[in-house]
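These notes are about the structure you will find just below.
Derivation of every value follows stated rules applied to the coordinates shown; laboratory data play no part. A quick note: this is a predicted structure, and the numbers were derived from the prediction, not measured. Virtual Cβ from ideal backbone geometry, glycine too; neighbours counted across all protein chains shown.
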Amino acid sequence: MSTRVVVDPVTRIEGHLRVEAMLDDKGVVTEALSSGTMWRGLELILQGRDPRDAWAFTERICGVCTTVHALASVRSVEDALQIQVPPVAETIRNIMFLTQMVQDHVIHFYHLHALDWVDIVSALSADPAATAALAQQVSPGWPLATKGYFADMAVTLKKFVDSGQLGLFANAYWGHPAYKLPPEANLMAVTHYLEALKWQKELIKIHTVFGGKNPHPNYLVGGMPCSIDLHSDNAINIERLNLVRDKILEARTIVEQLYLPDLLAIASFYPEWTQIGGGLGNYLAYGDVPQNGIGDPSKFRLPRGAILGKDLSKVHPVELKDTAQITEEVARSWYRYPQGVTHLHPSEGHTEPHYTGPKPPYEHLDENGAYSWLKTPRWKGNAMEVGPLARMLVGYASGRAEFKEVVDGALGKLKLPATALFSTLGRTAARGLETQLCVGWLMDEYDRLINLLKAGDTRTADVSKWEKATWPSECRGLGFTEAPRGALGHWIHIKNGVIHNYQCVVPSTWNASPKDGKGGRGAYEAALVGTPMAKSDQPLEILRTIHSFDPCLACASHVYGPDGRELASVRVR
């Protein structure tokens, strides 16, 4: 007798995701559906607008990835108009990018994913002295690890629980048999949760220095909208740059003395999760952090490539402008393509909503029909996983020394083979290892910026093609980056000075996509198959695997109430 489990909405994510899983009589997932339940529609909002403004709209696709959509957008326009940004601007963009990556990964681990492994209520029974001893063993360099400190934290936590107002900790599966950490490890993790929450707001001050604000810092087609004068009070000066350096050093301390030790400590209690959630085994990375211009992927710190069938002996080349490589289907999506068309390259993308699903509220989706507002991207016909695991595997398989060092080091500490990376826990660990690399690169980019400024190069933008009179009557461009959650592409078609067509293929479109026309599963769906569940009415195991991807479904332009009634609609005239 099969059981269908519905998780809707999946919480601790950005956006709106519904997951349905079918279990066999042993409680193992045999089939899964991933459904994005709200429509984004930014592509239609952008039609007819000035391409120089596109970044400001697309950046609002997400309230979490507050910079990467802007970066992909300005790069798409620069590609169309053949603009090469100055070295200082490229370096500042790299700093902005890496800042986002480090902050986002730390937040994901502690505030979005840790509660899948950490039992908050169990922490109430922890011995503060034993917790301090554990913390000093796990993170010897972290200063806040005394008996008194953890005793005070335990009192605070008890008051919080006794109040009956658990807030964001409510409606969780505390006491679930899949939780394995001892009380002291739970108290340590909860304490570090709060410390990381306090810290994360500090790192993004770097965005305010170069981009004016966070969230949604400012960008500029041709470079960055900031001026640098080391001796001026009206520009970015040495004082502001020293602040940036201080925040990078603070981030390195958090990553090396808190995040990574906690990650490895928690992972050591869940070795069985190195055998669960592997999914597709196909991985795709666009790459980023250019060292010689965005047109030279061979010099990217995050390399470009694809891996198929978990084969780390071969990294397949990826050509983003090859229209035969990346396509999108809508066979199981609530969109309609022109008659006779089954798939399109994003540069020719077509966004026409066509809802054929059940009237909300509904009990189940129809797995034999359309069931998602997400399209189905494919690379050379293959479903692909994108994100930190894909990037780390591509770097590792490419033979990059720094990737091999951090991966082999972590696997050695956990006494695991490289195949353990193909799993839910491997996906979670890869994010931490990438953060270790990124925080080091962040200081490298800062030093690179300082050296450029010392050499007298302060140009932050190339505005030679700012005026529309310098543009061709029609042109197309591609902008890409690696969002924290994976490969991100923006495709733009400019005609007569305005946006004729705009398409975004975001990381969670790759990972959370519904099945294709041949029935091939997306990454979430494939990763859930084979997952054993202890209690079908408390789907903690489903959340562990889904959260390991860090879902970030795009925000919608249409808004619906719980009864399915449309509350707001945006029309482009």
> Quick one: net charge of Val5's neighbours, Cβ under 13 Å, K/R +1, D/E -1?
Replying inline: -4
>> Taking the number of other C-beta atoms within 10 Å as the exposure measure, put Leu220, Leu437 in order starting with the fewest.
In response: Leu220, Leu437
> Could you give the length gained on full extension between Ser536 and Leu243, defined as 0.36 nm per residue of separation minus the Cα-Cα distance, in nm?
Replying inline: 100.5 nm
> For Lys413 and Ser473 in one chain, what is 0.36 nm times their gap in residues minus the Cα-Cα distance, to one decimal in nm?
Replying inline: 15.8 nm
> Cα to Cα, under 27 Å, and not fewer than 8 places away if on the same chain: which lysines meet these conditions relative to Lys359?
Replying inline: Lys375, Lys515, Lys518
> Roughly speaking, what is the stretch gain from Asp25 to Asn234, that is 0.36 nm per residue apart minus the C-alpha to C-alpha distance, in nm to one decimal?
Replying inline: 68.4 nm
>> Take the chain, mark every one of the GluC sites (Glu not before Pro) that falls in a DSSP loop and has at most 10 other Cβ within 10 Å, then report the longest stretch left between them, sites excluded.
In response: 1-362
> To the nearest 0.05, what FRET efficiency results for Lys198 and Lys158 with a Förster distance of 30 Å applied to their C-beta separation?
Replying inline: 0.90
> In whole angstrom, how far apart do the alpha carbon centroids of region 103-134 and region 373-392 sit?
Replying inline: 31
>> Could you check the spin-label model distance between Phe169 and Ser398? Points 7 Å from the Cα along Cα→Cβ, value in nm.
In response: 4.2
> Separation between the Trp466 and Asp322 pseudo-spin-labels, each 7 Å from Cα along Cα→Cβ, expressed in nm?
Replying inline: 3.9
> What is the chain's relative contact order, in percent, from Cα pairs under 8 angstrom and six or more apart in sequence?
Replying inline: 26
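For a footprinting-style exposure proxy, rank Thr351, Thr91, Thr428 by other Cβ within 10 Å, fewest first.
Thr351, Thr91, Thr428
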> Are any of the pairs Lys205/Lys454; Lys314/Lys380; Lys205/Lys299; Lys213/Lys454; Lys158/Lys535 more than 19 Å apart by Cα-Cα distance, and if so, which?
Replying inline: Lys205/Lys454; Lys205/Lys299; Lys213/Lys454; Lys158/Lys535
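Suppose R0 equals 30 Å. What FRET efficiency, 1/(1 + (r/R0)^6) with r the Cβ-Cβ distance, do Val6 and Lys180 give to the nearest 0.05?
Working: r = 26 Å, r/R0 = 0.87.
The computed FRET efficiency comes out at 0.70.
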>> Considering all alpha-carbon pairs of region 413-506, what whole percent are spaced by more than 17 angstrom?
In response: 73
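Starting from region 340-420, pick out the trypsin sites (Lys or Arg not before Pro) whose DSSP state is loop and whose Cβ has at most 13 other Cβ atoms within 10 Å.
Lys415
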> Got a sec? Charge dipole of the chain, +1 on Cβ for Lys and Arg, -1 for Asp and Glu; which of Asn214, Gly477, Ala251 is way out at the positive end?
Replying inline: Gly477
>> Can I get the semi-axes of the chain's equivalent ellipsoid? Compute them from the C-alpha gyration tensor as square roots of 5 times the eigenvalues, in angstrom, largest first.
In response: 36, 32, 22
>> Please arrange Tyr270, Tyr396 by how many other C-beta atoms lie within 10 Å of their C-beta, fewest to most.
In response: Tyr270, Tyr396
> What is region 432-479 by shape, rounded, prolate or oblate, if you read a ≥ b ≥ c off the alpha carbon gyration tensor as root eigenvalues and call it rounded for a/c under 1.5, prolate for a/b larger than b/c, and oblate otherwise?
Replying inline: oblate
>> So if I take the centroid of the Cα atoms in region 261-307 and the same for region 332-365, what is the distance between those two points in Å?
In response: 30
>> For region 199-321, I need the span (max minus min coordinate) of the C-alpha atoms along each principal axis, in Å, sorted largest to smallest.
In response: 56, 42, 22
